[in-house]
Amino acid sequence: MTHDPRRPRPFAWLALCLGIACLSACDVAPAPEDVRAELLRKLPATLHERDGWARDIQAAFAAQNLQPSSANLCAVLAVVEQESGYRADPPVPGLARIARAEIDRRAERLRIPTFMVEAGLRFRSADGRTYAQRIQALRTEQELSALFEEMTRRVPMGRRLFARFNPVRTGGPMQVRIDFAQRHLRDYPYPLDGSVRGEVFSRRGGLYFGIKHLLGYPADYQAPLYRFADFNAGWYASRNAAFQQAAAIASGTRLARDGDLLTPGAPIDRPGATEAALRAIAPQLGMDAAGIRAALASGDAAGFADTALYRRVFALADGKGAGRPVARARVPDIALASPKISRKLTTAWFASRVEARWKHCMAR
């Protein structure tokens, strides 16, 4: 039987297929040691336990099936550097004052008498100091969180006095929210020896949940700046802020561009500003109030960009634009508020700082 020279031999086909498979696998899933090697090249040379940082980051990418590209690895390193300076439990200046102010503020809000709070803080802890004295010695958020958990268990009436007072809402090297970690605990690859809080304050847990928050959702942003803004403001906040911009153009209404499309708990007859502006142009959108609200309710998911509301609002805004489409992403206009923040900061400030660190990392 003669062989047609125009047709590859079987072995040639096999070699071609194996080559394609190898290139695809190398592109999608580089070897763990290669990922760790790249991280070691990009991590600060003076960082303590560089091998441990590289291992935990690589393991988080692998566990979440995330692409460990240079851009993604640098995005993580930029956020870590901005949020904690590569410390799993960074110290917080003035933490004792912040903690006591939070206790007093929440006690007033819950109408718990001051004398009851003072009595609880005078209670002696296991090391002989009062809890008030231990608050004065606090340096890190993990110490503060653990102290509140202990007071809740040990102080008489502690559950009523302190169970809801814990002011620590974020933690770890990426300052990820505790409640975010609780919602995404199902696929956590490590054994949970203690509380979710404890894992967030560890290097491995803080990196895992922080990376999940940064990269664990689909978004087709054209620049990493918007993902950094989302890390600060919430998933899809940059997309939603751009939608609010489009809604403002389409309706001729001034709107905040904060990424919040629905006012939480707003009854159907008292819509928030964005929803009200869209209802005003409902005939142009070909939608009723119920349809508009149902679409806006998906604003925290990827599918919102596939809704008729999203497409029609941008179509109207593009038609009123100056000959070019309205941007599909913009940094939300949000002023940051936290007991730890003592100066005027915004989401734009945070995103631009992280972006600058990301560019430095990419250049290394």
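Things to note:
- Taken residue by residue, segment 68-83 has no member that is surrounded by 13 or more Cβ atoms within 10 Å (Cβ to Cβ), in contact with a strand residue (DSSP E or B) (Cβ under 7 Å, 6 or more places away or on another chain), acidic (Asp, Glu) and not assigned by TED's automatic domain parsing to the domain that holds TYR131.
- ALA246 falls short on exactly one of the conditions (1) among the aliphatic types (A, V, I, L, M); (2) closer than 23 Å to GLN82 by Cα; (3) touching a residue at least 60 places away in the same chain (Cβ under 8 Å), and that condition is (2).
- Applying the condition of being within 16 Å of THR253 (Cα to Cα) and touching a residue at least 60 places away in the same chain (Cβ under 8 Å) to segment 281-317 and asking which residue is surrounded by the most Cβ atoms within 10 Å (Cβ to Cβ) yields VAL313.
- Within segment 273-296, the set of residues being outside any helix (DSSP H, G or I) and farther than 18 Å from GLN245 by Cα comprises GLY286, MET287, ASP288.
- Taken as a whole, segment 252-260 holds at least one residue that is of a type in the set (Lys, Arg) and under 15 Å from ALA327 (Cα atoms).
- If you go through segment 216-232 and pick out every residue that is crowded, with 24+ Cβ neighbours inside 10 Å and small (Gly, Ala, Ser), you end up with 1.
- Segment 171-183, subset within 22 Å of SER84 (Cα to Cα) and out of contact with any Gly (no Cβ under 6 Å at 6 or more places or on another chain), residue modelled with the lowest pLDDT: GLY171
- If the condition is being modelled with pLDDT of 95 or more and among the charged types (D, E, K, R), then segment 294-317 contributes ASP306, ARG311, ARG312.
- Scanning segment 256-263 for residues that are at positive phi and either in contact (Cβ under 8 Å) with a residue 24 or more places away in the chain or surrounded by fewer than 21 Cβ atoms within 10 Å (Cβ to Cβ) (or both) turns up at least one hit.
- Cross-chain or 6+ apart pairs with Cβ under 6 Å, segment 28-45 first and farther than 12 Å from LEU77 by Cα, then buried (at least 17 other Cβ atoms within 10 Å of the Cβ): PRO32/GLN58; VAL35/GLN58; VAL35/PRO68; ARG36/ALA54; ARG36/GLN58
- Scanning segment 192-236 for residues that are farther than 19 Å from PHE304 by Cα, at pLDDT 95 or above and among the charged types (D, E, K, R) gives ARG203, ARG204, LYS212.
- Here TRP235 fulfils each of the conditions (1) surrounded by fewer than 23 Cβ atoms within 10 Å (Cβ to Cβ); (2) within 21 Å of SER352 (Cα to Cα); (3) outside the structural domain of PHE304 (by TED's automatic domain parsing) apart from (3).
- Residue identified as more than 21 Å from PHE350 (Cα to Cα), surrounded by fewer than 20 Cβ atoms within 10 Å (Cβ to Cβ) and without any contact (Cβ under 8 Å) to a residue 24 or more places away in the chain among PRO267, PRO189: PRO267
- Hits in segment 345-364 - residues which are within 15 Å of SER238 (Cα to Cα) and not aliphatic (A, V, I, L, M): THR346, THR347, TRP349, PHE350, SER352, GLU355
- With respect to (1) out of contact with any strand residue (DSSP E or B) (no Cβ under 7 Å at 6 or more places or on another chain); (2) closer than 21 Å to VAL200 by Cα, the lone exception for PRO113 is condition (2).
- The requirement of being within 16 Å of THR152 (Cα to Cα), free of Cβ contacts under 8 Å to residues at least 40 places away in the same chain, among the aliphatic types (A, V, I, L, M) and touching a helix residue (DSSP H, G or I) at 6+ places or on another chain (Cβ under 6 Å) is satisfied by ALA132.
- Of the helices (runs of 4 or more DSSP H) that lie entirely inside segment 96-210, those containing 1 or more residues that are over 23 Å from the mean Cα position of the chain (by Cα) and of a type outside the set (Val, Ile, Thr) span 114-122, 131-136, 141-154, 158-162.
- Test result for LEU345, without any contact (Cβ under 8 Å) to a residue 60 or more places away in the chain and crowded, with 17+ Cβ neighbours inside 10 Å: no
- Matching option when the condition is closer than 18 Å to GLU355 by Cα, of a type in the set (A, V, I, L, M) and within 16 Å of the chain's Cα centre (by Cα), among ALA60, ALA75: ALA75
The values are calculated or read from the model by the stated rules, or taken from the named source; none is laboratory data. Note that the coordinates shown come from a computational prediction; the quantities given were computed from them, not determined experimentally. Cβ sites come from the backbone with ideal geometry, for glycine too, and all protein chains shown count toward neighbours.
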